[in-house]
1. Take the Cα gyration tensor of region A:17-108, multiply each eigenvalue by 5, square-root it, and list the three semi-axes largest first, rounded to whole angstrom.
2. Counting residues in chain B as N, plug N into 2.2 N^0.38 Å and put the Cα Rg over that result.
3. How far, in degrees from 0 to 90, does helix B:60-80 lean away from the longest principal axis of the Cα atoms of chain B, to the nearest 10?
4. Among B:160-172, A:40-52, A:193-205, what's the highest-first ranking by average C-beta atoms within 10 angstrom per residue?
5. Compute and list, largest first, the equivalent-ellipsoid semi-axes of region B:150-206 from the alpha carbon gyration tensor, each √(5λ) rounded to a whole angstrom.
6. Is there a simple number for the mean count of other chain Cβ atoms within 10 Å of the Cβ of residues in A:114-127, and what is it?
7. Report the residue of chain B with the smallest Cβ-to-axis distance, using the rotation axis that brings B onto A, in whole Å.
8. At 4 °C and a viscosity of 1.567 mPa s, what translational diffusion coefficient does Stokes-Einstein give for the protein assembly as shown, taking Rh as the Kirkwood radius over Cα pairs? Give it in µm²/s as a whole number.
Number of protein chains: 2
Amino acid sequence: MKGYKMGNGQSRIQKKNKDFIMKAALDIFSKYGFRGSKLDQIAKQSGLSKPNLLYYFPSKEAIHRELLSGLLENWLDPLRSLNSEGDPFEEVMGYVRRKLYLSKTLPKESRLFANEILQGAPIIKDVLKGELKYLVDEKTKIIQKWSDEGLILPIHPYHLIFSIWSLTQHYADFDTQIRAVLTNEKPFENASVYLETLFSRLLKPS
Amino acid sequence: MKGYKMGNGQSRIQKKNKDFIMKAALDIFSKYGFRGSKLDQIAKQSGLSKPNLLYYFPSKEAIHRELLSGLLENWLDPLRSLNSEGDPFEEVMGYVRRKLYLSKTLPKESRLFANEILQGAPIIKDVLKGELKYLVDEKTKIIQKWSDEGLILPIHPYHLIFSIWSLTQHYADFDTQIRAVLTNEKPFENASVYLETLFSRLLKPS
DNA sequence: TTTTTATTTTACCAACTGGTCAAAGTAACG
DNA sequence: CGTTACTTTGACCAGTTGGTAAAATAAAAA
């Protein structure tokens with residue numbers, strides 16, 4: 001007999017409600033940051049009562065932590081798959097595309113991350129100094145090699161990474177500003193074309 | 001007799017304390033956003049008592065508003081001085097330099113702005129859709145003309161502006177992340193060189 | 001010096017906040 | 001059906017929050 005629990009030990013209703021909560025929490029936290037977000041608001045938006053929220057999660061902080069840690073895997077992955085064996089420009093451009101895709105499909109997650117960084121990364125500082133730094137150190141070496149071998153134009157590899165982060169995330173994080181200026185256009189469509197051009201001119205040997 | 005009032009109708013002590021408050025408020029608001037910032041915290045950091053704060057400003061919101069409106073002039077100015085009569089590349093690059101200089105010298109202001117945008121720009125949305133949009137519309141026309149005439153490489157002028165915003169502000173807004181990765185380097189020094197290269201390759205006809 | 005004006009503090013509020021608890025309600029199983 | 005395990009609610013609480021009022025203090029003017 002399976003009982004009413006699912007494989008991971010959660011009932012159907014538990015999974016559904018936890019999902020509601022996480023979705024509402026993402027909405028709120030990504031806008032107002034941790035301290036600016038109120039449990040009442042998250043409760044209301046998720047359609048549950050506040051004590052009911054706290055039946056599923058032990059605290060406000062726990063919800064926030066779970067959101068952030070769920071994010072981090074998604075966030076590091078696109079860089080991980082930059083492959084030293086592939087075509088240099090295509091590898092970098094692939095990273096750009098994956099990153100832009102994330103900003104397009106998960107803009108709230110991007111803003112949640114931005115909020116965390118703006119506050120000085122109190123929760124994920126370890127990951128930044130550890131996993132992220134390690135990953136960036138590794139991948140910049142590859143880029144440096146490509147650059148040295150003339151497979152791409154000479155470039156500061158760390159700042160290349162930063163510019164990829166900045167250019168892609170900007171479309172999610174500053175969405176409000178972009179839409180205030182661009183009233184007709186679809187930002188992400190043209191961003192895709194624009195970034196293709198930008199990185200092509202920046203990296204492709206002529 | 002001058003009396004103890006200064007030219008602008010504020011006493012010396014009033015000016016000094018308002019300055020303390022604004023400085024402390026900038027510290028706090030730029031980190032935690034409006035809702036995440038507490039008056040007690042601002043009071044403590046400025047060395048005044050909370051009721052004393054509210055003697056100088058009518059409310060928390062008033063402090064925040066004054067900070068933001070003080071910012072906006074600074075923020076729009078660098079784009080204003082992009083001159084259609086000058087050398088195209090140098091004009092754009094001048095804008096990049098001024099913007100990067102702002103991020104370097106006023107990183108907290110940059111983060112305050114970022115926080116406001118992340119929250120959907122509740123306070124400055126009008127300015128974004130009005131003054132900013134007007135200014136961008138105007139300047140992109142100039143860039144488009146340069147592009148059409150072959151004075152710079154063909155480019156999407158709006159996204160060029162966005163990329164300038166994103167690349168320069170990133171060094172202020174994501175400072176924490178950058179310093180977690182770059183432990184030895186001075187980010188802004190190299191950013192300056194890097195952006196020179198980037199925009200040179202992006203815009204200069206070969 | 002006295003009077004007037006400006007500044008600061010103390011004590012206080014009502015509303016809100018994150019969180020608890022026990023009781024009531026609802027599913028699922030035997 | 002009854003029993004058991006899970007879920008939801010309402011009442012509540014202690015600490016915090018933005019803000020007020022009046023008294024006390026300090027500075028300037030007369």
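1. Output for region A:17-108: semi-axes of 35, 12, 10 Å.
2. So chain B has a normalised radius of gyration of 1.21.
3. It is inclined by approximately 30 degrees.
4. For the peptides B:160-172, A:40-52, A:193-205, the packing ranking is B:160-172, A:193-205, A:40-52.
5. Working: eigenvalues 139, 36, 7 Å².
The three semi-axes for region B:150-206 are 26, 13, 6 Å.
6. Working: counts 7, 7, 2, 9, 14, 8, 4, 5, 1, 0, 3, 3, 1, 1.
Average per residue, whole number: 5.
7. So the closest residue, with its distance, comes out as B:Gly36, 2.
8. 56 µm²/s
We did not get these values from a lab; they are worked out from the coordinates using the rules stated. It should be emphasised that the depicted structure is a prediction, and the values quoted were computed from it without experimental measurement. Cβ atoms come from the backbone with ideal geometry, glycine included; neighbour counts cover every protein chain shown.
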